[in-house]
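For reference, the structure is listed below as structure tokens.
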Amino acid sequence: MAEDLSRFHGLTRSQLMSRIRSRGNKKTEVVLVQFFRKHRITGWQRHYPLIGTPDFIFRQHKVAIFVDGCFWHGCKRHFKMPSHRIEFWRLKIERNQLRDKKVGRLLRKAGWKVLRIWEHDLQKKNSSALLQKISAVVHV
Ligand SMILES: [Zn+2]
């Protein structure tokens, strides 16, 4: 599941971005849908129009879920700085993290619980931890 970004070195920025965009978020969302189905977790909706456009919400529980790519959101364990345009990437990731925080604050103010799931949480070996994380807020 974890994207090995080292193979992207040497691509131009736009090549890199389109590569990651097209594979990144969509794919992780699909994995989470499969996870919900496998564990018979129901009541979720995708792309519900809400502050920050969460990837999933559980309306009944007022839970908003974001699936964060380890690269785009600067996961401490898996983010690897590209070898080129370091300053661009540093700012980009920093802005994403600031936006994540701001969106979280706004949602909580509006009475929502916010659950951020890392791309690496979706790895098979982490699935029981993920199930705990979700059932703590969704009561499945
Ligand atoms: Zn990670």
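Side notes on the structure shown:
- Just one of the listed residues (98, 16, 91, 11) is at pLDDT 95 or above and over 17 Å from the mean Cα position of the chain (by Cα), and it is 91.
- In region 91-114 there is no residue matching the filter, namely being over 25 Å from residue 137 (Cα atoms), within 16 Å of the ligand (Cβ to nearest atom) and touching a residue at least 60 places away in the same chain (Cβ under 8 Å).
- Where residue 69 falls short, out of the listed (1) away from the ligand (no atom under 16 Å from the Cβ); (2) crowded, with 19+ Cβ neighbours inside 10 Å; (3) modelled with pLDDT under 95: (1)
- Residue match in region 28-42 (condition: out of contact with any Lys or Arg (no Cβ under 9 Å at 6 or more places or on another chain), part of a strand (DSSP E or B) and more than 11 Å from residue 119 (Cα to Cα)): no
This table checks each residue for (1) in contact with a helix residue (DSSP H, G or I) (Cβ under 7 Å, 6 or more places away or on another chain); (2) away from the ligand (no atom under 16 Å from the Cβ); (3) touching a residue at least 12 places away in the same chain (Cβ under 8 Å).
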site: 58; (1), (2), (3): yes, yes, yes
site: 65; (1), (2), (3): no, yes, yes
site: 74; (1), (2), (3): yes, no, yes
site: 138; (1), (2), (3): no, yes, yes
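The values are calculated or read from the model by the stated rules, or taken from the named source; none is laboratory data. Just so it is clear, the model here is predicted, and its values are computed rather than measured. Neighbour counts run over all protein chains shown; Cβ positions are idealised from the backbone, glycine included.
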